1. Any chance region A:47-70 includes a residue that's more than 30 Å from residue B:211 (Cβ to Cβ) and among the acidic types (Asp, Glu)?
2. Across region A:68-99, what is the number of residues that are within 9 Å of another protein chain (Cβ to nearest Cβ), without any contact (Cβ under 8 Å) to a residue 24 or more places away in the chain and over 13 Å from residue A:202 (Cα atoms)?
3. What number of residues in region A:390-444 are in contact (Cβ under 8 Å) with a residue 12 or more places away in the chain, farther than 21 Å from residue B:74 by Cβ and facing chain B (nearest Cβ under 7 Å)?
4. Report yes if some residue within region B:21-28 is in a helix (DSSP H, G or I), at pLDDT below 85 and facing another protein chain (nearest Cβ under 7 Å); otherwise report no.
5. Exactly one condition in (1) outside the structural domain of residue B:33 (by TED's automatic domain parsing); (2) over 18 Å from residue B:186 (Cα atoms); (3) crowded, with 19+ Cβ neighbours inside 10 Å is not met by residue B:98; state its number.
6. Any residue that is more than 37 Å from the chain's Cα centre (by Cα), assigned to a loop (DSSP other than H, G, I, E, B), within 7 Å of chain A (Cβ to nearest Cβ) and not hydrophobic (A, V, I, L, M, F, W, C) - is there at least one of those in region B:264-284?
7. Scanning region A:451-470 for residues that are acidic (Asp, Glu) and part of a helix (DSSP H, G or I), which turns out nearest to residue B:87 (Cα to Cα)?
8. Give the residue that is nearest to residue B:54 (Cα to Cα), with candidates limited to residues of region A:445-455 that are more than 7 Å from chain B (Cβ to nearest Cβ) and out of contact with any strand residue (DSSP E or B) (no Cβ under 6 Å at 6 or more places or on another chain).
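The values are calculated or read from the model by the stated rules, or taken from the named source; none is laboratory data. All figures in this text were calculated on a predicted structure; none of them were measured in a lab. Here the Cβ positions follow ideal geometry from the backbone for every residue, glycine too, while neighbour counts run over all protein chains shown.
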Amino acid sequence: MSPAPGGRRTIVVHDRIEPPVVAGDYEVRAAQTIGGDARLGTVPDDVRYVRVTGPRYRLPSTEILSTFPPANSDGPFVTRLAQIALRRRTLPWERADGPQRPWLALVLLTDGEATYLPSVPVASAVTEGVRLTGVNPDGPTCSAIEVTGRVVRQVFPSRQELPFTSHVREVPLDDTELAQGDEDGWVAVVLSTRLPRPGMRYRACLISLEGQWSELPDNPPVENRFSKATVYEHVSATTIERARQPRTDEVPLAIGTSRAGGADAVARKAPAAGIDRERIAHEIPPASVGHDAADAWRTAATFTATGVTGDATVPGAAAAERAGHLGVGRGSVILDVDLRVIDPGARLLRFPVLASWEFRCEGKKDFAALVRALDVGLLGTAERPARGPTDRVPDVSDTGHVVLAATERDGDASLTWYRGPLVPRAIERRPVAAVHVADQLRRVAEDGRVELGEAAAFELGRLLALSAPSTVAALREWRRQGYVRRRGARVGGASVLEGLLTHWELALADGAAVALGRRLLETVGDSEVVDRVLPDRPLVDPLPDLDVLADPARTIATGFALPVADVRRSLDRGTRPVLADGHMAPVSAAGFDALRRDASLLQPLKTQLATSVSALTGLTRAFVIRPGGQLVPHGLEEGDAEQEAGVEAQAETAEEAETVEALFPGARPGDSVPPQVEPDPPAARSQRRREQ
Amino acid sequence: MRHTIDGVRALEASVRAASTAGDPAEGGGETAPDELTQLLVRLRVLEGVPFEYLVPDEELLPEESIRFFYLDRNWTDALVQGVLAVGAVSTRDRIDVAARWPGLRDELDEAEHDARAALTGAASVRGAAETVTGFLVRSRAISGWPGVQVRAYRRTGDEEAEDPLSGLEEMRLLRLQRLAPAILLALIDGIPDQVHLEEPRTGIQFGVDEGAGGAFTVALKNPATGERVRRGGRDVTADVPFRRGAPGLVAVEALARALLAADTGGVLGSSLGPAEYALQMLQLPYRQVFGEENVPAPLEDLLTVPERFSIIELTRVWREA
């Protein structure tokens, strides 16, 4: 055997397994003699009767493990011998005449070689004159075949061959492919001896030879080649057609009376005996009965015309059996000939059929021939035929892309590149990058056409997910859990910072606080802990930072470099803050005229203003947090009156940059934040939105 | 001084808070729920993907052909991301998806190895993603023989004499399915050196060999091993005799004698019984081996623009300009 996965397995084939006793009635007699003194008397024999039974006319389908070819299969079985595997290892020898004479044989019969009788009384399932004694364990009826002596001589195994057709196979139970669910691993196998021919249909019949072994051919002659396909090859097709069993008078009860009323052909009145047959003759067969049955209907008409009616030639009982079966349209389509027509005067023999199935031998190519002839290639390549039309062959690039016709969004017809997941070359996987819409995966090729492979995949994924509500629900639940978990972490981090800020009186904006917190935590915990408390990912909060407004006095005082106490007092009382000379130092010392003449005198003031503005913008979160938590203010080298407006815009830009960063990791402008305020922030923003 | 002490206390509290708040077991876990992972893994092995997406043009898979391929990870990644994009409507959702995607991708890479484990009962395997390869067959051999056996092997050692399977390690299949009666799809976890397509073993078959010119022969087999007896580099065979005038009936007894006559090496003994006869008629399933040839070297994926040049790249270009 070819090795099964996990090592080699062994099967053992035995010639036969004979039962200790064959089927029949037995008397078991227990006798006891007492030796020595005759006066001690005798013990009467104890007699028991035992009946050994087994399948005789029918085989329960549970006894059959498998058949080959499979029932109703089509295939090139020209080199295969049909076989049936039986669960009971002793079955072929249970009613045998001897070890060399198993009572079961598997015969292949094709059209015109036999009459299949699906249900006959067991007494008439054997050839007339043969009588099987003993009990019948199988009920009053069974199936049988009726064949001529010629068929037996040409198709049945010979007496010498019969022993070769049965053997017993012992297979390891753990090999499911071989054991096929058998309980003990012992299987009796019956082989046929006939090779199927292509294009023919066969019925394999497991027949009982009980009591009829002597009918088998004895030492038939041998030749090296055979040319015949069927036994009655010399009989003309018309004769075989004529021999088809009429679907006799009982039929129309099952088929067609209701339909007959509508057909013109049946409108005419006819004698009661003939009406049904004529009706059938003109009836269109129901679709379910099929082509073969249609032939059979037609034959019925021929049959009537020639006057060879079934009733006239077929003995009454047999006719009834056939009619009863054929009328309901079961099974046998091929073995439905009357052998009296094909082979007039031949002796007819009958054999009980324990199991049978049909198959069709098709074609000449077997598996090996087909697989060997496979055209081997890489997917994503198409060969242009050297001759003939090439318009069916698509344009294929080296990378496996195919040109497909597409309709653009604006309705224009165009050609696009497409490539599925199956590609002819190894392709490097891109680094992780999140994608949110299919258009992010659209690519434009050098020739200007759009490449849509991955975009199509994205869209397909979306549609597949949407087609299953459970998928959508699972996604939503997963996302929700993530939010809950992260919110928990954030609240935890915030409470820590709150503690810190309370103790150190740190009034810091959110971003700075996070950065500071990270710094502090890093001094005590490892970076893993820090990451958990303060996720690296910036928090995105659309609300403005209100810390600036928490203490207006301090904010103003810082901004104008005034003493906090003064400002607070002024705010409380509604008075103007008192400006001391120190506050106005540059002006009072130099005078306005001097300042007008020499603008550089104002430089210290400008510097001071810039510092204040810088501090203010720090409060409005205009900081950049570098990886690692370093807090870097935006570069504001020059004080400028217009800068305040710019700072606001920049704060917003920074925030937006973080959002973009989150959406497109790696696409972030990085550390190279433009030192200057962007020339046209609204325009820039709108452009960025478009690309998102 | 007081501030410092309190600060330390606060830090201690924060570390405590961090160690509990961030516990994956409490917070629902970073990993995706099993149900979702399984679903995405099934997608990754292209389950549910319409056939037109796999083979966009019939000419790529003509009749009676076998086509090998690599699986494009970028394509399947896009497919999975399409699923994740469902219901992500707000910026916050998208940030969430973007944050989870790298982890999820790794998770799927690991789970992918077991895509077919439930079916075959194979042991679970973890580890980074392999290059997935596979093939599509379109043939009457698929429609006529349901249950074709597919095995893929990686060469780990040299082939020993007489045993073609030596030095080969069987590889895992990620998918093996008939997409249509005549079309079979197989996905292999890795790059195989050999792929075997084997006739289904529907029980054991008996029969004869059909030689050239329609002659039928039976190859002599050693009853002890089941292997064919070879002499002079060829199988020892016996012509099949038939019953005269019969439609293809094998003359079994004459065949047995012919086999005994052909057996000059004496593997059969003096007589041939039913068991030996059955063994001589045994037909092993046919096995076709593909591979051990030069596979094309990986080529730069040069459609027209560099593979990495995507909208993300365009974004960066625009920003830096």
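1. yes
2. Number of matching residues: 0.
3. Qualifying residue count, region A:390-444: 1.
4. As a first pass, look at region B:21-28 and keep what is in a helix (DSSP H, G or I): B:21.
With the extra rule that they be at pLDDT below 85, the set shrinks to B:21.
Remaining after also requiring facing another protein chain (nearest Cβ under 7 Å): B:21.
Within region B:21-28, one or more residues are in a helix (DSSP H, G or I), at pLDDT below 85 and facing another protein chain (nearest Cβ under 7 Å).
5. (1)
6. yes
7. By that ranking, first place goes to A:459.
8. Kept after step one, since they are more than 7 Å from chain B (Cβ to nearest Cβ), are these residues of region A:445-455: A:448-450, A:452, A:455.
Pick out the ones that are also out of contact with any strand residue (DSSP E or B) (no Cβ under 6 Å at 6 or more places or on another chain) and you get A:448, A:455.
Values: A:448: 24, A:455: 14 Å.
Taking the candidates together, the pick is A:455.
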